[in-house]
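> Pasting a structure here, questions to come.
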Amino acid sequence: MAEFLKGAHIVDTYANTFFLVDQRLVLVDTATEKDAGKISEYLRRLRMKPSDITTIFITHTHPDHVGGLAEIKQAAASAKVAAHRVEAPFISKKETYTGPPGIAAQRHPGTPVDILLDDGSTHDGLRVIHTPGHTTGNIALLDETRSLLLAGDSINNEGSLRPMDDRYNLDPKQHRASIKRLATLHFENLVMGHGTPILGGASKKVQEFAARL
């Protein structure tokens, strides 16, 4: 758990979660249900409360990103939940996500999505990049003030840059096309749901990787 850029914090949960702290407090992803306590504890270390959260962004509906949402939202009642409009019915449980890792893994309690995001829209200072393939409504978020891309599971950096494991990708070909789209953006810093941050020269490294796909 650490502040890796000024006002940007990573919480070491099963899938990494992130806080952005400046004039607002933003949470990106909520990890598993078991990780909700870790996220709350990190807030206490920041001398902040769940009620200070303005927006909870969910990059996609996999259990290691949405599992802790219901508990955190209960404590952060005034926070708005934001997700891509395609993903929102799965997060709320109005529809059941049937892609990998399968229906049985979708154990999270449904939580309504307040803000329906589209590609290119901006909410609470973050620009939405729609990156389908891992799931249909998968997104990355660009914080231009920090030159920081919060990629969720749009790309993996466990050991080296790579696609997500195809066992968990709804459409592996589309997932790789989304990585190539990320390579057209400029950002100095990159964080992901799985793997270590890249601080400095990140978009060039993604471009080099994408060229090999």
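> Of all residues being open to solvent by less than 50 Å² (accessible area, probe 1.4 Å) and without any contact (Cβ under 8 Å) to a residue 40 or more places away in the chain in segment 163-178, which is farthest from ILE139 (Cα to Cα)? Just the residue, please.
My answer is PRO172.
> Here is a follow-up. With the requirement that a residue be assigned to a loop (DSSP other than H, G, I, E, B), open to solvent by 10 Å² or more (accessible area, probe 1.4 Å) and either in contact (Cβ under 8 Å) with a residue 40 or more places away in the chain or more than 16 Å from PHE187 (Cα to Cα) (or both), what does segment 130-144 give you?
PRO132, THR136
> Just to verify a result, which residue in segment 95-116, among those that are free of Cβ contacts under 8 Å to residues at least 12 places away in the same chain and either not polar (S, T, N, Q) or not in a loop (DSSP other than H, G, I, E, B) (or both), is surrounded by the fewest Cβ atoms within 10 Å (Cβ to Cβ)?
Looking at the filtered set, the residue picked out is ALA104.
> When residues of segment 2-47 are filtered for being within 18 Å of ASP124 (Cα to Cα) and either among the hydroxyl-bearing types (Ser, Thr, Tyr) or not in a strand (DSSP E or B) (or both), how many remain?
Residues that pass the stated criteria total 8.
> Would you point out the residue of segment 48-85, among those that are assigned to a loop (DSSP other than H, G, I, E, B) and in contact with a Leu (Cβ under 9 Å, 6 or more places away or on another chain), that is nearest to PRO132 (Cα to Cα)?
If we take residues in segment 48-85 being assigned to a loop (DSSP other than H, G, I, E, B) and in contact with a Leu (Cβ under 9 Å, 6 or more places away or on another chain), then THR59 is nearest to PRO132 (Cα to Cα).
Here is a yes/no grid of residues against (1) modelled with pLDDT of 95 or more; (2) of a type in the set (A, V, I, L, M); (3) more than 26 Å from LYS93 (Cα to Cα); (4) open to solvent by less than 10 Å² (accessible area, probe 1.4 Å):
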| residue | (1), (2), (3), (4) |
| --- | --- |
| GLU3 | yes, no, yes, no |
| ALA8 | yes, yes, yes, yes |
| THR17 | yes, no, no, yes |
| GLN23 | no, no, yes, no |
| ASP29 | yes, no, no, yes |
| ARG45 | no, no, yes, no |
| SER51 | no, no, no, no |
| THR55 | yes, no, no, yes |
| ILE58 | yes, yes, no, yes |
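> Whether any residue in segment 200-209 is assigned to a loop (DSSP other than H, G, I, E, B) and touching a residue at least 40 places away in the same chain (Cβ under 8 Å) is what I want to check.
Within segment 200-209, none of the residues are assigned to a loop (DSSP other than H, G, I, E, B) and touching a residue at least 40 places away in the same chain (Cβ under 8 Å).
The values are calculated or read from the model by the stated rules, or taken from the named source; none is laboratory data. Small disclaimer: the values here were computed from a predicted structure and weren't measured. A quick note on method: Cβ atoms are made from the backbone with ideal geometry, for glycine too, and the neighbour counts reach across all protein chains shown. Areas reflect the complete protein model, heavy atoms only, side chains present, ligands, DNA and RNA absent. Shrake-Rupley method; radii C 1.70, N 1.55, O 1.52, S 1.80 Å.
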